[in-house]
Every structure is written in structure tokens, then in C-alpha cells.
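This report refers to the structure that appears directly beneath it.
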Number of protein chains: 2
Amino acid sequence: MSGRYSEALAAHIVASQPGDLNDADRHEAKRALINIVGCALGGADHPAVDIAIRALGSFAGAADCAVIGRKERVDPLLASLLNGISSHVHDFDDTTPSNYIHPTSPVASALFAYASVNAVSGVDFLNAYVLGYETVTRIGNATYPAHYQRGWHSTGSIGVFGAAVAVGKLMGLDKARMLTAIGLAATQGAGIRDNFGAMAKSFHPGRSAQSGYMAALLAAEGFTAGPRPLEGPRGFAEVTAGEYDLDIVTADLGRDHLLGLNTYKPFPCGIVVHPTIDACLQLRAEHDFAPEDVVAVQLRVAPLVLDLCNQREITRGLEGKFSIYHAAALALVRNRASLAEFSDAAVTDPALAAMRSRVTPVADGSVSEDGVEIELVLSDGRRLHKSLEFSVGNIRKPLSDQQLESKFRDQVRVIGEQQVTGVIERLWAIDTLENVQGLVEATLP
Amino acid sequence: MSGRYSEALAAHIVASQPGDLNDADRHEAKRALINIVGCALGGADHPAVDIAIRALGSFAGAADCAVIGRKERVDPLLASLLNGISSHVHDFDDTTPSNYIHPTSPVASALFAYASVNAVSGVDFLNAYVLGYETVTRIGNATYPAHYQRGWHSTGSIGVFGAAVAVGKLMGLDKARMLTAIGLAATQGAGIRDNFGAMAKSFHPGRSAQSGYMAALLAAEGFTAGPRPLEGPRGFAEVTAGEYDLDIVTADLGRDHLLGLNTYKPFPCGIVVHPTIDACLQLRAEHDFAPEDVVAVQLRVAPLVLDLCNQREITRGLEGKFSIYHAAALALVRNRASLAEFSDAAVTDPALAAMRSRVTPVADGSVSEDGVEIELVLSDGRRLHKSLEFSVGNIRKPLSDQQLESKFRDQVRVIGEQQVTGVIERLWAIDTLENVQGLVEATLP
């Protein structure tokens, strides 16, 4: 007997039609896709992608699938992995603050690979994306915080469900096979937080895109999986979380608007250090002082911030993305927080290292994960305060469409400005495209 | 700073040499390889393998790698997956009773794929296998029972470590890259027990063979992973088990003989129903009665048996492998327990279904997981008892070399008897082979 949550989810995915999307969802889905394609193009020349292609390229099948922002062609399973690495490696992709998942990388990475080698209309693509996003967000919310607190990087461990159902939807799986795809996703859910600060973090959404795609392929041909992947006594929720509420997976299926939960980052680093960066930038703007005037930086932050980002001694750019010390330092020293502030060179910049040594964070349960309390002590005796309830990019202060476009343009080096404009225009108009293939091709150098 | 357990394990793998193996280990390793190649050949024509090839074959890279017992050639990553499915799908492969892992499928599936496309000597192959086996067994023991009790199918979730280090050893990874391979294995560990009774169960060792192989490939090219994959606060042991003793991973590294912990199954089904089958077969041999004389079958079994195998209503052969009801029924009705007793046809055989309906198992904490207490009630009023402390194939009553050869011959249909003899001879002499490639080729139809 199948599990009722897994079965209801499978039934919803199979029944859903592009016409079910309202205008607000369509627009928010486009914003998410613009954000993720910008991130994939921005990360396409990262060493993590180069290494993955060097290591795995010769194992690729028929080389007919485009990889966003790369000249190599591979098979669509490998392309899913590579799109996932590039779109997450700068930690610049979207976040659902209700569960800290970066939902779009695993889903869209698989979808763009699938659409590169299969004819998919823009409306079907958008619909599949929304179903994948919803699936990730629902399972993420249903198992949060227990799953995350155990140490899972849920972007990987839960992202795989989204890739499976999104690709499965485009493949036209029936309900039984969709249930199998969900089962094969559940049994591939993986990714541990020990990898924060290393390339393996970006491998997580990549591998989950690839694993989800594979789940759909196997299900389509009649492979079998367990009947209760979400709710069984040995199902995903029990095995990986222990505490959960699976009603959240199916409540108001198709009637709520979960895309409204999504946020887009203004800074390419862990979301929980964003308030510190924003507050330090505001202090720089509001007061007259130079970096060398700063004697001490006192931070009060939510406990989760230190759980994730309490690393002062760092040598690699990717580590800098998870250092509350580096976050404060780069904003105070460089007065900006772009990709360049998270390079290996920036992390080893003596001015930034010196400032990191003056930062003292304290965990305080009364501070929200969205906010921060800062006191700067200056050499002339001044003490500057900033109390921030939430930072730019927060769900209460989202990036505008224009800011999303600027973010896209700012991070792309692998294609020229004119080509960027063309990609952005196609993404805003994706629901008018007869075939998404041309959009993927338009991202290639 | 790297974790000391992960680092010590990586250092051991890198330093170990074929000459470190003693004669007993070499012989036991050969027994394990004979057992697994027999299982892979026995499962090579299972629908699960056919489906996987149909679903994924077109995504395979350069088709230069042999798949045990199949005519198709694919790339070695896909071959690892397929070897893993075929060698586990009949649940006939080896088991370490200390942690219930089937250790050889994930390790050897990757190694045979690697050796099909790279020149590997027999002694290096054996050594890599033993290192992979040891790694799986040590991590399995260190996290047992918490990891398993959470619902992980540890053959998948822990098997991946063995594939990674075994392939990494043959690739000649240095210590830092071996540590990365362990990290990339840790972050791919997956596989939930909801899939017992479905094809996805055999997907677990297959996917872990493929994921471990991929971990080694990425590590070799300089991909980076977290520093404390086993012991970190967000490392594998904490995330997937919660309770563990990592000293077990490194205690007496290279000085104990863990291969002595391994066992080989006489019956193709879950290990915990073996005592019931053996006891029923003994009752048939010792007493004069016909199946239709059996009115009731009372079983007292360890609680784990009902946790895993308490399914009476079944329709598929793979489900039969995890039904204590079917186990008793097939032994009493058919007086044997070969592959044929676990086919879809056997499971739907009315005589077996009728006997299943007469079986009543009771969980009893005083009964060992190796044993069983049986009472048969016959229509003439007789009550037959059998109390079994352990069954054939148990670590205290292992299959002989001759029995392992017979098991190999009994299950293979995809190649002829002469060819089987050639494969078995090569396996017994694997440490004299200059190149294992010929051995893999010898398994092809």
C-alpha cells in the first residue's frame, strides 16, 4: 500500500497543468530562473567546474547537451551535475528562508539539461520548474528544522526530489511512475554540511540534479522502488529527520503560492552573514571613518550564524563565504561585497586578515537569524552602533527586477554584454518560447 | 585541520601494499570475489538490470567497459552501477553479521569496472578490494547499530566509502586526495530501507559503486571537500548515526583480519530469515510429513526479523526475499530455497500463499538474530519442534570452498558451464594474473 503523502504529491505533479499558474507565480518563477542562470553563467568558469569536466568529461555519453556558459557538450546527466555546480559554487543562488534550502539550482540544473536535448515549450518548462520548486520547499518545510540540524545540506539531500519530479513531469510519467521517481529520489538524498567552504558544497545541488534526472529515467522504464518513500517507517522523513510534519507536504497542494517564500541574494556568500555585511556597509555610508580606524568589531548574532560561519582562520575564497569574520571585514575594508571579495586573493589579503582579527561575534538567542547587532570601536574613542532587523535581499526587502538584472550582468564574464541582454530577454519571455532549447544555446560562449 | 580518523584512514589506504596481505586474507578475499561474481552473473539477466540499461544506456560515455555477464558495453561509471545491481538484486551476496552490510557488491562492482578499462594486476586488485572491504566494515561497525536502526540501507550509505578508497587506491591517490575521496564518498552516502523488496534495494550498492568511483575521479583532479568527513560535527557519523565509536575505524588498522567477519549466503534472500529456512528444511528431513499436513507454523524470532520481514501479503519475487512467512512456506512446501523459490511465479504460487497464511511469527528478544524457535502443528496432532542456534552460512558454519563453487554454478544462466569453470579458475588464481581485464572479459556471454 502506497503512502498517502507520497501518493498525493505524485498525483498532484501528474495532474498539474501550465494553466494552473497565476500571473504572480509566473513572474516569480521567471525571477528565479533569471537569478539562477546568472549564477550559472557567473560560476561557469570556476575551477570546480573545470575540475569536474576534466575528471568526468571522458565518461559522458553522446555529447549533444549544452552546459550553461561552457563550450563543452556532454550528456544531459553530466550537464545536470555541471549546471548544479556552476549555479551554486559562488553561493549566490536563491534561498527559501523557511528552510535554508537553495531550491532552484537542483531543479533548474536538471531542467535546462533536459530541455537542451528534448523539445520543451516555455510554459511546460515553467510549470515543471514550479512543481520542482514546490516539492523541494514542501519537503524542506515538512522536515525543518530537524533534518537541517542533523547536519544535512538540504539543498542536496532534498533538492533531489525537485529534480526528479520536474524532469518526470516533462517526461510525462504517470502517477505510479511518478511515485517511483519520488522513491528513487528519496533513496539518493545526500550531502553533509561538513563540506561548507569546499567545492563539494556545490557538488550537492549538481549531484542531486543528476540523481533526480536519473530517478525519472529509471522510473519511466519500469524500475521499482519502495511504496512509502516519504512517510514509511524507513522512509526519508523518519530516516533523515526523525521529527517532521508531512501534512505540510500536501496541505493546499496547488492552491498556495510557495514561490513567494523565495529570496535572492545581493551578496555571494552564506545567507546568514548577509545582515552583518549590510549593517557594516550602512555604517560605512553613515559615518566618516577609514578601515584602519576600526579597533574592534563586536557582533551579536543568532546562534545559527556561529554554528555555520565561525571560522576566522581561512585561506580559500570558498571558506570566506562561511566566515562571519570575513563578512564584517570585507564590508568595512572594501565597502562592497561582490564576487571579488570572496576570491582566494581577497581571503589572503593582509588588510582583510587584519580586520578579521578584530571581529568578535557572540551568539545571542534574542537576535533573529535575519538580523544583527553591531558595535564598532574606533581608535578615536567613538563607538558606532547598528541594529539591523533584516538586510537587503531579505523576504521583507526583496531585490527588484532591475536589481536582479544588474546582479546577473555584474557576475557574468564568460559571455559578452550583448549576449547577456539576449539571455535576460529570453528568460523574461520564456512563457512565449515554443522551445527552450534556443535559450540554453544562447548562454554558450 | 583535518579530522584524525579520516586522515588516519586515508594514510592507511595510501600506505598499504599487496605484500601486507597474509595467506588467510588472500584466500578469504578470493572466496568473496567468487561469491560476488557468481551473484553478478546470476543477476545479470534480472529485469532490474535490463531496465537500468534501457533507461541509462544512451547516456553512457565511450562504450569500452565490460559489464559482468552482459553483452552491452558502457562507460565504467555506468558499469559500476550495473554490476552493483546485478550482484545484489537476488540478495545472494555476502553479509558481515556485525553490521548487516553486504560489503563486496559496492566495492567489487566499481573495481571490476575500473579494471575493465585500466591495466590492473591481480595482486593490486586483491589489495584494493581488501582495503575497500575493510573501510566499509570499519565504518559500518563504528556506526552500528544507530545508523542501521535509523533506517539506512548501509550497503548503500556506507558501501560508497569502500568503492571510493578502492578505486582511489588503484588510481594512486596521495593522502590529501584520498581524504577528499573519503569526503566525497561521505557526502554521497544514501539509500533508505523503505526499498527492501523493490529493485531500488539493488540500486543502492550500484549507485554507491558509481558514486565512490566518481569520488575518486574528482579527488584525483583536485576537487575539494570538507576536512572532517567522518568525525566533524556535520560529518557522516554525526549526521547519519548520532551514536558511534570512531575508534573502531582506526583501531589496529592493517593488523587485524576483518575478512574473517564476512559470510556467504546459501539462500537468496534477507539474511535474517535464513535460520527459519534452514530449520524448516531440517524438519522436513527429520520427520515424515507432507506440506498439506501442516496446520500451523509458530515462529519465535529476534525482533529485527519482524522489523525487516513482517510482510505476509506479497506479489513480487523481490518482496518474497523479505517475508518471514514466505521463508517458512517455501522450505516446507518446496523443500529447497533456490532462486526459483523467490521468483514472481513462486510468490504467487497458491500452495505457497496457503502455507504463508498458516505462519505466525512472534518477536522474542531472547531469540538471537542468528537463530529461531519453530513449532509445527500437524493435522494428525503431532507437534514438531526445532530450536536452531545458527543456520548454514552463519559465521560459525560457513560455506566451504566447494559449496561456494556450487552456489556459483547453480545460479548462472547467462554463460555456459565451461565458461563458468574458466571464470572460477581465474578467480582462485587472481593473484597470479598480470591483468584482471581478461577475467572481466571471461564473464561476457
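Compute the acute angle (0 to 90°) between the alpha-carbon long axis of helix A:200-220 and the principal axis of greatest extent of the alpha-carbon atoms of chain A; round to the nearest 10°.
10 degrees
One decimal, nm, shortest first: give the distances between the label point of A:LEU304 and those of the same position in the other copies, each label point 7 Å from Cα along Cα→Cβ.
3.8
Under a point-charge model restricted to the Cβ atoms of Lys and Arg (+1) and Asp and Glu (-1), what is the dipole moment magnitude of chain B relative to its Cα centre, in debye to the nearest 20? List each step's numbers first, then the result.
Values: 38 positive and 51 negative charges, 125 e Å.
My answer is approximately 600 debye.
Between A:ALA345 and A:GLN418, what is 0.36 nm times their sequence separation minus the Cα-Cα distance? Round to one decimal in nm. Display every interim value, and only then the final one.
Working: separation 73, 0.36 × 73 = 26.28 nm, distance 2.94 nm.
Length gained, A:ALA345 through A:GLN418: 23.3 nm.
Give me the angle, in degrees from 0 to 90, between the Cα long axis of helix B:175-186 and the longest principal axis of the Cα atoms of chain B, rounded to the nearest 10.
40 degrees
At 7 Å along the Cα-to-beta-carbon direction for both B:ASN435 and B:GLU243, put a label point, then send me their distance in nm to one decimal.
5.2 nm
For A:LYS169, give me every one of the aspartates and glutamates with a C-alpha distance below 16 angstrom, ignoring sequence neighbours fewer than eight places off in its own chain.
A:GLU7, A:ASP20, A:ASP124, A:GLU134, A:GLU221
Using only the Cα atoms of the range B:271-388, build the gyration tensor, take square roots of its eigenvalues as a ≥ b ≥ c, and label the shape rounded, prolate or oblate: rounded if a/c is under 1.5, else prolate if a/b is larger than b/c, else oblate. Write out the running numbers ahead of the final one.
Numbers: a/c = 1.58, a/b = 1.05, b/c = 1.51.
Taking the square roots of the gyration eigenvalues as a ≥ b ≥ c, the range B:271-388 is oblate.
Given DSSP loops and a limit of at most 11 other Cβ atoms within 10 Å, what is the longest stretch of chain A that contains no such GluC sites (Glu not before Pro)?
Values: sites that count: A:GLU313, A:GLU434.
Excluding the exposed sites themselves, the longest stretch runs over A:1-312.
Compute the acute angle (0 to 90°) between the alpha-carbon long axis of helix A:417-428 and the principal axis of greatest extent of the alpha-carbon atoms of chain A; round to the nearest 10°.
The helix A:417-428 is inclined about 50 degrees to chain A.
How far is B:PHE289 from the same spot in each other copy, in nm, shortest first, if each label point sits 7 Å from Cα toward Cβ?
8.9
I'm a student and want to see the number: the projected area of the Cα convex hull of the protein assembly as shown, averaged over all directions, in nm².
Details: hull surface 141.4 nm².
Orientation-averaged projected area of the Cα hull: 35.3 nm².
Can you tell me what share of the DSSP beta bridges in the protein assembly as shown is antiparallel? A percent to the nearest 5 is fine.
Numbers: 36 of 46 bridges.
Bridges in the protein assembly as shown that DSSP calls antiparallel: roughly 80 percent.
State which entries of A:LYS321/A:LYS407; B:LYS321/B:LYS386; A:LYS71/A:LYS397; A:LYS30/A:LYS265; A:LYS30/A:LYS71 exceed 27 angstrom in Cα-Cα distance in the structure shown. Please list the in-between numbers first.
Details: A:LYS321/A:LYS407 17 Å; B:LYS321/B:LYS386 22 Å; A:LYS71/A:LYS397 37 Å; A:LYS30/A:LYS265 16 Å; A:LYS30/A:LYS71 25 Å.
With Cα atoms farther than 27 Å apart: A:LYS71/A:LYS397.
Report the net charge of residues surrounding A:THR250, where surrounding means a beta-carbon distance below 10 angstrom and charges are Lys +1, Arg +1, Asp -1, Glu -1. Walk me through the intermediate numbers first.
Numbers: positive: A:ARG4, A:ARG138; negative: A:GLU7, A:ASP247, A:ASP252.
So the surrounding residues net to -1.
Kindly give the distances from A:GLU425 to its copy-mates, label point to label point, with each label point 7 Å from Cα along Cα→Cβ, as nm values to one decimal ordered shortest first.
7.2
I'd like to know which of B:SER6, B:TRP428, B:ALA62 lies farthest towards the positive end of the charge dipole of chain B, counting +1 on Cβ of Lys and Arg and -1 on Cβ of Asp and Glu.
Result: B:ALA62.
Per-residue ellipticity at 222 nm for the protein assembly as shown, helices alone: DSSP H runs ≥ 4 residues times -39500 (n - 2.57), over residue total, nearest 500 deg cm²/dmol? Can you show the working numbers first?
Numbers: 44 runs with 458 residues, N = 890.
The helix contribution divided over the protein assembly as shown gives -15500 deg cm²/dmol.
Got a sec? Charge dipole of the range A:271-388, +1 on Cβ for Lys and Arg, -1 for Asp and Glu; which of A:VAL301, A:VAL359, A:GLY371 is way out at the positive end?
A:VAL359
Within the set of other residues whose C-beta is less than 9 Å from the C-beta of B:ALA63, count the net charge using Lys and Arg as +1 and Asp and Glu as -1.
Numbers: positive: B:ARG73; negative: B:ASP64, B:GLU72, B:ASP75.
Net charge around B:ALA63: -2.
Could you identify which residue out of A:GLY371, A:GLY159, A:GLY168 has the top mean-square fluctuation in a GNM of chain A using Cα springs shorter than 10 Å?
A:GLY371
For the protein assembly as shown, with only Lys/Arg (+1) and Asp/Glu (-1) charged at the beta-carbon, what is the dipole magnitude about the Cα centre, in debye rounded to 20? Each step should come with its number before you reach the end.
Working: 76 positive and 102 negative charges, 52 e Å.
Approximately 260 debye in magnitude.
How far, in whole Å, is the closest Cβ of chain B from the axis that maps B onto A, and which residue does it belong to?
Closest to the rotation axis on chain B: B:ALA190, 2.
Each value in this text was obtained by applying a stated rule to the coordinates, not by laboratory testing. Note that the structure is a prediction, hence the values are computed from the model and not measured. Note that each Cβ is placed from the backbone with ideal geometry, even for glycine, and that neighbours are counted across all protein chains shown.
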